[in-house]
1. If you scan the stretch 175-202, which residues turn out to be charged (D, E, K, R) and in contact (Cβ under 8 Å) with a residue 40 or more places away in the chain?
2. With respect to the numbered conditions (1) outside the structural domain of E117 (by TED's automatic domain parsing); (2) at pLDDT 90 or above, which one is the sole condition not fulfilled by I56?
3. Being without any contact (Cβ under 8 Å) to a residue 24 or more places away in the chain and not in a helix (DSSP H, G or I) is the filter; apply it to the stretch 311-335 and report the residue that is farthest from P88 (Cα to Cα).
4. Working only within the stretch 81-131, note down all residues that are of a type in the set (F, W, Y) and outside any loop (DSSP other than H, G, I, E, B).
5. Name the residue, out of A224, A172, that is free of Cβ contacts under 8 Å to residues at least 60 places away in the same chain and in contact with a strand residue (DSSP E or B) (Cβ under 9 Å, 6 or more places away or on another chain).
6. May I ask you to list the residues in the stretch 237-259 that are free of Cβ contacts under 8 Å to residues at least 40 places away in the same chain and assigned to a loop (DSSP other than H, G, I, E, B)?
7. Which condition from (1) within 12 Å of the ligand (Cβ to nearest atom); (2) farther than 25 Å from S80 by Cβ; (3) surrounded by 24 or more Cβ atoms within 10 Å (Cβ to Cβ) is the one that L282 breaks?
Amino acid sequence: MLGGMNTLAKELNDQLQGTIIYDLLSDLGKRMYFPKGIVAQSSEAKQHASRYNATIGMAVSQGKAMILPAIAEQFSELSSTEAVAYAPTGGIAELRSLWKKEIGRKNPTADCTKISEPVVVSGLTNGIAQVADLFVDRGDVVVVPDMFWGNYRLIIEEKREASLAEFPFFEAGGLHIAGFRQAMIDNAVNGKIVTILNFPNNPTGYSPTVEEAHAVAKMLQGLAEEGYKILAIMDDAYFGLFYEKDTYRESVFSLLHNLHENILAVKIDGPTKEHFVWGFRLGFVTFGSKSLTTQQYEALNKKLTGAIRSSISSSSQPAQSLLLHALKRSDFEAEKARLDDSLEKRYFTLKKIVEANANSSVLKALPFNSGYFMSFEMISGSAEALRKELLMKEGIGVISIKDRYIRVAYSSVDEKDLNDMLSVLFKTAEKMR
Ligand SMILES: Cc1ncc(COP(=O)(O)O)c(C=O)c1O
């Protein structure tokens, strides 16, 4: 690097030295800082420039963002500033603190006094990519189950030039925790372990039972006690869509954020799936580790906002404003419950159909209990060939994975059509055997 490390980055690193954060930061993460440039000066001016504020690269008239009527008319409930002004780099402060409260409400055993202030990113994908920039170096290994969201490959392998190591997700109908532990030990790089936990999982639709969630936490605690430094990234994209009584209904983040000094837990969540606003492109990144101070969380958040500033600059302001207004409405939870319930109904309908076909000689359902999806394993034959046949001959679209699995997104098919779709799926698979 030309000219050595920036002094602001050095200051942040000094604050973080001796913590798990510093031990896990990538080279890029170590170099990252939030500049005292336009954004910082302009937010200082927002507080103190009582006469004229000539800092912001926006068109302002009488203290408000200029707006075209063609745009304003479509945002009738938002002020022009809420609709079109730049959002702060780390997100609207009120939304961040409300989201933190929401994390506490939805995860009652988490201690929200011990976690960072959530930072707004442009969707969970972007959150994962930002965190990977800060913590994953070329040559690192990220441990994931053998059923994982394919986009991790682009982020971790192609962008960060690290690699993914897979462990067998299931054993005897539940999580293969011993396999997970072994994969982490085998893939530790200089004592550093990175893993991504995604529950409810894409593509299987599996979430741990209460017992399994605690067993995962205990296993990670054991590794931390042995001296491994662990970055545990929780991809909570489908959080809340839990359908069975014995499922652990909090994020695993609740169990990890205050567990051990050698575990840095990162919760990546957001409204894209949870609140049915996929195209809003909003997500949140929240950190938790035992014994970190507020100052250290702030230093880490400065690095994260530096990473945001240098990539997307900031996330969508109108989307944040709309979400903030929606979350504050008294009927929001009831409205959301209605949509969640409709997905739950589809789950139970699908579960019945799958159970009725449990003895199929062609397709075996993998464990599923939550989220948007379920997957079948092909007992024989090619999943890709089945996918093509279903698509071209039957007009049914499903996803094939590794030529061995078929993923069904029942989130996107009406309940009344599930029976027909599944019966064609089984019949076609049988015909092709
Ligand atoms: C497991 C998982 N994580 C993250 C995402 C991306 O979420 P977002 O739309 O908020 O970027 C998806 C979307 O398909 C997903 O399945």
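1. R181, K192
2. Among (1) outside the structural domain of E117 (by TED's automatic domain parsing); (2) at pLDDT 90 or above, the lone unmet condition for I56 is (2).
3. So in the stretch 311-335, the residues without any contact (Cβ under 8 Å) to a residue 24 or more places away in the chain come out as 329-335.
Still in the running and not in a helix (DSSP H, G or I): 329-331.
Details: R329: 23, S330: 26, D331: 28 Å.
Residue satisfying both the conditions and the ranking: D331.
4. Residues of the stretch 81-131 of a type in the set (F, W, Y): 86, 99.
Within the stretch 81-131, just W99 meets the criteria.
5. Values: A172 fails: in contact with a strand residue (DSSP E or B) (Cβ under 9 Å, 6 or more places away or on another chain).
Only one candidate passes the filter, namely A224.
6. Within the stretch 237-259, K245, D246, R249 qualify.
7. The failed condition is (2).
Yes/no per residue for (1) loosely packed, with under 12 Cβ neighbours inside 10 Å; (2) modelled with pLDDT under 95; (3) in the same structural domain as R160 (by TED's automatic domain parsing):
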position: N13; (1), (2), (3): no, no, yes
position: Q17; (1), (2), (3): yes, no, yes
position: I20; (1), (2), (3): no, no, yes
position: G29; (1), (2), (3): no, no, yes
position: V39; (1), (2), (3): no, yes, no
position: E44; (1), (2), (3): no, yes, no
position: Y52; (1), (2), (3): yes, yes, no
position: L98; (1), (2), (3): no, no, yes
position: E102; (1), (2), (3): no, no, yes
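The values are calculated or read from the model by the stated rules, or taken from the named source; none is laboratory data. Predicted model only: the values in this text are computed from it and were never measured. Heads up, the Cβs are rebuilt from the backbone with ideal geometry, glycines too, and the neighbour counts pull from every protein chain shown.
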